[in-house]
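> Just passing along the structure, written as structure tokens.
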Amino acid sequence: METEKHHNIPNLGNPTPFSQTYFHGTKADLQLGQLIEPGKTSNFGKRKNAKYIFLSATLDAAIWGAELAVGEGRERIYLVEPTGEIEDDPDLTDRKFPGNPTKSYRSTLPFRIVGEVSIWKGHQKEQVESMKTALAKLKDDGVDSLNDE
């Protein structure tokens, strides 16, 4: 069963009026106009150099990304613009939420930072700890990310 949906996004040199808002949650301190590119150490799975980078059309999914990201930096939510094609994130759309209600996507092409969400409310501390525990259990059980393939 084919669940991945591809979205063709034009390669734009400058930010454009939003036809679709995308978010990227992280602990990295990045700058307006900077590109987020694959090849950095992944926050999830086997923590190897990431083939994909991730974005979401929902603020809630980006908040989870920021809260679960490794590192000591401040949690951040960036507004991003894809520079090319994006596809559904199979870890979420195939395993947890068929049909992609979280609007979670991945790409092998960079995202351009066009803004930052400066005011947002995170999940309850207990929820975040529970999610971290569940992710650690998956890792201990040998369940790998589909994004590690």
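> Can you confirm whether region 17-29 contains a residue that is on the phi < 0 side of the Ramachandran plot, of a type outside the set (Ser, Thr, Tyr) and at pLDDT below 80? Please lay out each step first, then the result.
First, the residues of region 17-29 that are on the phi < 0 side of the Ramachandran plot: 17-29.
Then drop every residue that is not of a type outside the set (Ser, Thr, Tyr), which leaves 17-18, 20, 23-25, 27-29.
Those left that are additionally at pLDDT below 80: 17-18.
Yes: one or more hits.
> Identify all residues within region 99-127 that are surrounded by 16 or more Cβ atoms within 10 Å (Cβ to Cβ) and among the hydroxyl-bearing types (Ser, Thr, Tyr); write none if there are none.
If the condition is that a residue be surrounded by 16 or more Cβ atoms within 10 Å (Cβ to Cβ) and among the hydroxyl-bearing types (Ser, Thr, Tyr), then Thr102, Ser104, Tyr105, Ser107 are the ones that fit.
> List pairs: first residue in region 65-93 and farther than 17 Å from Tyr105 by Cα, second residue surrounded by 17 or more Cβ atoms within 10 Å (Cβ to Cβ) and at pLDDT below 85 anywhere in the structure, Cβ distance under 8 angstrom, at least six positions apart or on different chains.
Going by the 8 Å Cβ cut-off, the qualifying pairs are Val70/Asn43.
The values are calculated or read from the model by the stated rules, or taken from the named source; none is laboratory data. Just so it is clear, the model here is predicted, and its values are computed rather than measured. Note that each Cβ is placed from the backbone with ideal geometry, even for glycine, and that neighbours are counted across all protein chains shown.
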